[in-house]
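Below: one structure, written as structure tokens.
The values are calculated or read from the model by the stated rules, or taken from the named source; none is laboratory data. Note that this is a predicted model, so its numbers are computed, not measured. Cβ: placed from backbone, ideal geometry, glycine included. Neighbour counts: every protein chain shown. Note: accessible area is taken over every heavy atom of the protein model, side chains too, but ligands, DNA and RNA are not part of it. Shrake-Rupley method; radii C 1.70, N 1.55, O 1.52, S 1.80 Å.
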Amino acid sequence: MTDVRKPQARPARPFFSSGPCAKPPVWSPDKLATESLGRSHRAKIGKTRLAYCIDLMREMLQLPDTHRIGIVPGSDTGAFEMAMWTMLGQRPVTTLAWESFGEGWVTDAAKQLKLDPTVIRADYGELPDLTQVDWSNDVLFTWNGTTSGVRVPDGDWIAADRAGLSFADATSAVFAYDLPWDKIDVATFSWQKVLGGEGGHGVLILGPRAVERLENYTPAWPLPKVFRLVSKGTLAEGVFKGETINTPSMLAVEDAIFALEWAKSLGGLDGLKARSDANAAALDKIVADRDWLSHLAADPASRSKTSVCLSVAGADEAFIKTFAGLLEAEGAAYDIAGYRDAPPGLRIWCGATVDTADIEALGPWLDWAYASLNA
């Protein structure tokens with residue numbers, strides 16, 4: 001490579017990973033409450049902090065009282081599989097897949113639960129034809145495709161009079177979009193995405209139709225203990241009040257509380273959306289100004305505003321690996337190579353915990369890396 005002049009200014013916080021994502025800009029470990037650490041999560045202090053975390057999530061998500069929130073093990077994957085294993089099997093199943101995580105739910109439904117699902121697919125960068133969905137089925141989909149940068153544009157395609165349940169893997173969508181909770185029966189996410197929280201815990205949101213399914217249907221397969229949400233035919237309400245199924249990390253809970261309180265200080269969901277929108281707009285400008293850079297998701301209506309996936313002209317996997325490595329070595333950008341199963345490209349997180357000024361400062365460094373590799 002021939003030396004190319006480096007930009008003078010670096011992003012102040014070069015954390016652009018799509019999970020775990022950047023911490024809130026005011027975060028530091030000494031700011032976390034620690035009184036619950038070393039105590040039983042079943043003690044009054046543990047239950048109180050877990051319930052407070054749930055209450056903050058409800059407030060920040062503007063979630064109606066009709067929906068329950070539970071903190072469960074296994075991150076978003078654990079939460080979504082808990083929903084699948086406990087509720088699927090009563091009706092036919094349709095799965096939507098346009099990126100790797102959606103394909104994971106296809107594999108679970110077909111090979112693990114052996115449900116012979118109807119699968120509606122699209123290539124990376126595209127969205128399936130949502131009009132094909134039969135809402136007499138239970139329907140599984142990702143709201144925001146983290147590994148492809150493609151999202152559903154809204155909830156209009158979800159039938160209001162659906163007979164089946166809607167299962168939304170919303171892990172990189174919550175706290176960044178308005179979600180139509182009347183159209184969502186089951187939603188899951190993890191704190192490590194839009195809140196920049198720690199991994200290991202998932203969040204399971206159940207609407208009234210999902211609760212009805214749980215209480216009136218028993219799957220044909222055995223359920224592991226950590227998946228059991230019903231006791232003697234009745235929903236285990238304690239799970240949705242902070243009485244977790246297994247032992248949680250109270251440090252991770254306190255970290256999530258910190259992020260949620262920060263979100264509240266911004267004005268709640270509207271403040272989080274505004275930051276994410278500004279970040280996505282700043283990255284859009286960077287892309288528009290460069291003929292060698294483009295969005296993997298061509299349609300703006302279904303383009304993610306959080307996990308933005310970009311194509312680099314002429315780049316293969318080796319090029320992208322070297323490109324991302326150059327920026328990491330310079331402390332200009334961490335973890336921006338695209339997902340391993342996606343087409344070679346970049347993936348830049350634009351969620352609310354990223355500062356817009358850092359997105360703007362990233363542009364010249366992308367130029368530098370590209371010019372260095374092509375010199």
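For n ≥ 4 DSSP H runs only, could you compute -39500 (n - 2.57) per run for the chain, divide by its residues and tell me the 222 nm figure to the nearest 500?
-10000 deg cm²/dmol
What is the distance in Å between the Cα centroid of region 93-140 and that of region 15-89?
Computed from Cα coordinates, the inter-centre distance equals 27 Å.
Over the Cα atoms of region 202-269, how large are the radius of gyration and the largest Cα-Cα distance (Dmax), in Å?
For region 202-269, the Cα-based Rg and Dmax read 15.4, 46 Å.
Sort 171-179, 317-325 by packing, meaning the average of other beta carbons within 10 Å per residue, with the highest value first.
Top of the packing list down: 171-179, 317-325.
Can you return the lysines within cross-link range of Lys183? Criterion is Cα-Cα under 27 Å, with same-chain partners fewer than 8 residues away left out.
Lys114, Lys193, Lys241, Lys264, Lys273, Lys305
Expressed as a whole percentage, what fraction of the accessible surface of region 313-375 belongs to carbon and sulfur atoms when a 1.4 Å probe is rolled over the protein heavy atoms?
Of the solvent-accessible surface of region 313-375, carbon and sulfur hold 49 percent.
To the nearest 20 debye, what charge dipole does the chain have about its Cα centre, counting +1 at the Cβ of each Lys and Arg and -1 at the Cβ of each Asp and Glu?
About 1100 debye.
Which residue, Ile245, Ile257, Ile205, tops the fluctuation ranking in a GNM of the chain built on C-alpha contacts under 10 Å?
Maximum fluctuation in the GNM of the chain, among the listed residues, is at Ile245.
Viscosity 1.306 mPa s, temperature 10 °C: Stokes-Einstein D of the chain from its Kirkwood Cα radius, in µm² per second?
74 µm²/s
Once you charge only the Cβ atoms, +1 for Lys and Arg and -1 for Asp and Glu, what is the size of the charge dipole of region 1-100 about its Cα centre, to the nearest 20 debye?
So the dipole magnitude of region 1-100 works out to roughly 340 debye.
What ³J(HN,Hα) values, in whole Hz, does the Karplus curve 6.51 cos²θ - 1.76 cosθ + 1.60 give for region 133-143 when θ = phi - 60°, with x put for Gly and Pro?
For region 133-143, the Karplus curve yields 5, 9, 7, 7, 8, 6, 10, 10, 7, 8, 5 Hz.
Over the chain, give the accessible area per residue in Å² for a 1.4 Å probe, as an integer.
Value returned for the chain: 41 Å² of accessible area per residue.
Are there trypsin sites (Lys or Arg not before Pro) in region 35-127 that DSSP marks as loop and that have at most 16 other Cβ atoms within 10 Å, and which are they?
Answer by residue number: Arg39, Arg42, Lys114.
Need one word for region 156-257: rounded, prolate or oblate. Basis is the Cα gyration tensor (sqrt eigenvalues a ≥ b ≥ c); a/c below 1.5 gives rounded, then a/b vs b/c decides.
Judged from the Cα gyration tensor, region 156-257 comes out oblate (a/c at least 1.5, b/c at or above a/b).
Suppose a student asked you for the relative contact order of the chain, using Cα pairs under 8 Å spaced at least 6 residues apart; what percent would you report?
Reported as a whole number, the value is 27 percent.
Could you give the DSSP H helices of the chain that reach 24 angstrom or more along their long axis (alpha carbon positions) and whose average Kyte-Doolittle hydropathy is no lower than 0.0?
Membrane-span-like by this criterion, though nothing is claimed about a membrane: 44-61, 269-288, 356-374.
Please compute the net charge surrounding Trp191, taking Lys and Arg as +1 and Asp and Glu as -1 over other residues with Cβ under 12 Å from its Cβ.
-2
What is region 1-135 by shape, rounded, prolate or oblate, if you read a ≥ b ≥ c off the alpha carbon gyration tensor as root eigenvalues and call it rounded for a/c under 1.5, prolate for a/b larger than b/c, and oblate otherwise?
oblate
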